[in-house]
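S.K.: After the structure tokens below, expect a handful of questions from me.
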Amino acid sequence: ATARLAMGPGMAMVVGILAGSISTLGYFYSSPFLEEKLGIFDTCGVANLHGYPSVLGGLLSIFFVSFYPADFLLHSATAAQMASQLFAVVATLAVSIVTGFLTGKLVLVNPSSFADVDDYEDAVWWEGDF
């Protein structure tokens, strides 16, 4: 991803601002959409905090390798390196989606095991009327 690329502080700041913006927009738009329309609850905000910015970084790495000389890249041709970066982004997304789905199914193998567990209640840790 972009971590291996030698970029100046200005470009690193731009990438960081973009990643932070995408994370914030994800909390504002994506989380409500996933909850209301698809019934997917990202209670820890993992997709917004880690997922969306990392996809952005992976996609930017495809763009940034076009600025580097071929002898700096792992592959001898820029196009091959760009294809390799794209494959890595797609493979990472595929593995994370499949393993997340399987983990969710594994946790819900025996849903009755959660019947005696009270839902977590934040109000006991806060003062005031909620």
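S.K.: Compare the peptides 83-91, 55-63, 105-113, 8-16 by average per-residue count of other Cβ atoms within 10 angstrom and give them in order, highest first.
M.R.: 55-63, 83-91, 8-16, 105-113
S.K.: A follow-up question, please. I'd like the FRET efficiency for Ala83 and Met13, computed as 1/(1 + (r/R0)^6) with the beta carbon distance as r and R0 of 25 Å, rounded to 0.05.
M.R.: Computed FRET efficiency for Ala83 and Met13: 0.30.
S.K.: Multiplying the sequence separation of Tyr27 and Leu59 by 0.36 nm and subtracting their Cα-Cα distance, what value in nm do you get? Can you show the working numbers first?
M.R.: Details: separation 32, 0.36 × 32 = 11.52 nm, distance 2.04 nm.
The span from Tyr27 to Leu59 would gain 9.5 nm if fully extended.
S.K.: Something else: Pull out the extension gain between Tyr68 and Leu106, defined as 0.36 nm times the separation in residues minus the alpha carbon to alpha carbon distance; nm, one decimal.
M.R.: Contour length minus the Cα-Cα distance gives 9.3 nm.
Where a number appears in this text, it was derived from the coordinates with a stated rule and is not lab data. In this text, all values refer to a predicted model and were calculated from it rather than measured experimentally. For neighbour counting, all protein chains shown are included, and Cβ atoms are generated from backbone atoms with ideal geometry for every residue, glycine included.
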